[in-house]
Amino acid sequence: MELSEKIREAIEAENATLPRLRSGLIPALHRVHQAYGEISDAHRSELAEIFEMGPDEVAAVVQLSKVLDTPRRGRHLAKVCVGLTCSRDGAREFLRKLAGRMDIPVGGITEDGRIELGEEICFGACAAAPMMWLGDEFHEDLDVEEAMRILAALE
Ligand code: FES
């Protein structure tokens, strides 16, 4: 499946705000994964064209990420960054507590199939930990209560 016009426009709008085109690749990959549940060969080719890279270079970035390289299973995928900078600012403890409140392990899905909870290494928003990527948006400077409120509002 090709990228929708809406997704392409969102990626290109975000790229227009960046000093270097390639800085937008990881957020774009997350946007595609969130929208389609996976990053297909066709998506990799389109992203390679948008980011002026080879499809193999895009594939190599995807393979570095446990989440991006795995098809989504829950109706919504919430990903908490546990990269170095975010972990220094409490992200791992936040994720552990959030998983406890949701009563699922990291990588698990709620019993109703609504939410899959994942972890990721760096979204490029390193000053806002703890942070969670959900439904095409960053939620920043979270605590567990706020994250639970956001997740409870999902259908
Ligand atoms: S380390 Fe978390 S967004 Fe970069």
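So Ala60 passes all but one of these: (1) among the small types (Gly, Ala, Ser); (2) under 24 Å from Arg22 (Cβ atoms); (3) within 16 Å of the ligand (Cβ to nearest atom). Which condition number does it fail?
(3)
This table checks each residue for (1) in the same structural domain as His33 (by TED's automatic domain parsing); (2) within 11 Å of the ligand (Cβ to nearest atom); (3) out of contact with any Cys (no Cβ under 7 Å at 6 or more places or on another chain); (4) within 28 Å of Asp41 (Cβ to Cβ).
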{"site": "Leu68", "(1), (2), (3), (4)": "no, no, yes, yes"}
{"site": "Ser87", "(1), (2), (3), (4)": "no, yes, yes, no"}
{"site": "Gly107", "(1), (2), (3), (4)": "no, no, yes, yes"}
{"site": "Glu111", "(1), (2), (3), (4)": "no, no, yes, no"}
{"site": "Cys126", "(1), (2), (3), (4)": "no, yes, no, no"}
{"site": "Ala129", "(1), (2), (3), (4)": "no, yes, no, no"}
{"site": "Met132", "(1), (2), (3), (4)": "no, yes, yes, no"}
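Return a yes/no flag: does region 29-39 have any residue that is within 16 Å of the ligand (Cβ to nearest atom), over 18 Å from Ser4 (Cβ atoms) and either of a type outside the set (Asp, Glu) or surrounded by 18 or more Cβ atoms within 10 Å (Cβ to Cβ) (or both).
No: zero hits.
Quick one: count up the residues across region 60-111 that are buried (at least 16 other Cβ atoms within 10 Å of the Cβ) and among the small types (Gly, Ala, Ser).
Residues flagged as buried (at least 16 other Cβ atoms within 10 Å of the Cβ) and among the small types (Gly, Ala, Ser) within region 60-111 amount to 8.
Can you tell me which residue is surrounded by the fewest Cβ atoms within 10 Å (Cβ to Cβ) among those in region 121-133 that are at pLDDT 90 or above and under 21 Å from Tyr36 (Cβ atoms)?
Step one: of region 121-133, the residues at pLDDT 90 or above are 128-133.
After this cut, where a residue has to be under 21 Å from Tyr36 (Cβ atoms) as well, the list is 132-133.
On the way: Met132: 26, Trp133: 23.
The residue in question is Trp133.
Only one of Glu146, Glu116, Glu93 is more than 13 Å from the chain's Cα centre (by Cα) and more than 16 Å from the ligand (Cβ to nearest atom). Can you tell me which?
Details: Glu116 fails: more than 13 Å from the chain's Cα centre (by Cα); Glu93 fails: more than 16 Å from the ligand (Cβ to nearest atom).
One residue alone meets the criteria, Glu146.
Scan region 7-15 and tell me whether some residue there is of a type outside the set (A, V, I, L, M), surrounded by 14 or more Cβ atoms within 10 Å (Cβ to Cβ) and under 16 Å from the mean Cα position of the chain (by Cα). Talk me through it step by step, then tell me what you get.
Of region 7-15, the ones of a type outside the set (A, V, I, L, M) are 8-9, 12, 14-15.
Now drop any that are not surrounded by 14 or more Cβ atoms within 10 Å (Cβ to Cβ), which leaves 8, 14-15.
Now restrict to residues that are under 16 Å from the mean Cα position of the chain (by Cα): 14.
Looking for residues that are of a type outside the set (A, V, I, L, M), surrounded by 14 or more Cβ atoms within 10 Å (Cβ to Cβ) and under 16 Å from the mean Cα position of the chain (by Cα), one finds at least one in region 7-15, hence yes.
Give the residues of region 136-147 that are surrounded by 15 or more Cβ atoms within 10 Å (Cβ to Cβ), in contact (Cβ under 8 Å) with a residue 12 or more places away in the chain and touching a helix residue (DSSP H, G or I) at 6+ places or on another chain (Cβ under 8 Å), sorted by residue number.
Leu142, Val144, Ala147
On the basis of being in contact with a helix residue (DSSP H, G or I) (Cβ under 6 Å, 6 or more places away or on another chain) and not polar (S, T, N, Q), does His43 make the cut? First the steps, then the outcome.
Values: in contact with a helix residue (DSSP H, G or I) (Cβ under 6 Å, 6 or more places away or on another chain): yes; not polar (S, T, N, Q): yes.
Yes: the conditions hold for His43.
Please list, ordered by first then second residue, the pairs with beta carbon atoms under 8 Å, 6 or more apart or interchain, first in region 116-135 and within 19 Å of Gly24 (Cβ to Cβ), second among the charged types (D, E, K, R) and within 10 Å of the ligand (Cβ to nearest atom).
Ala125/Glu140; Ala128/Glu140; Met131/Glu140; Trp133/Glu120
The values are calculated or read from the model by the stated rules, or taken from the named source; none is laboratory data. What you see is a predicted model, and the numbers here were worked out from it, not measured in a lab. So basically every Cβ, Gly included, is an ideal-geometry build from the backbone, and we count neighbours across all protein chains shown.
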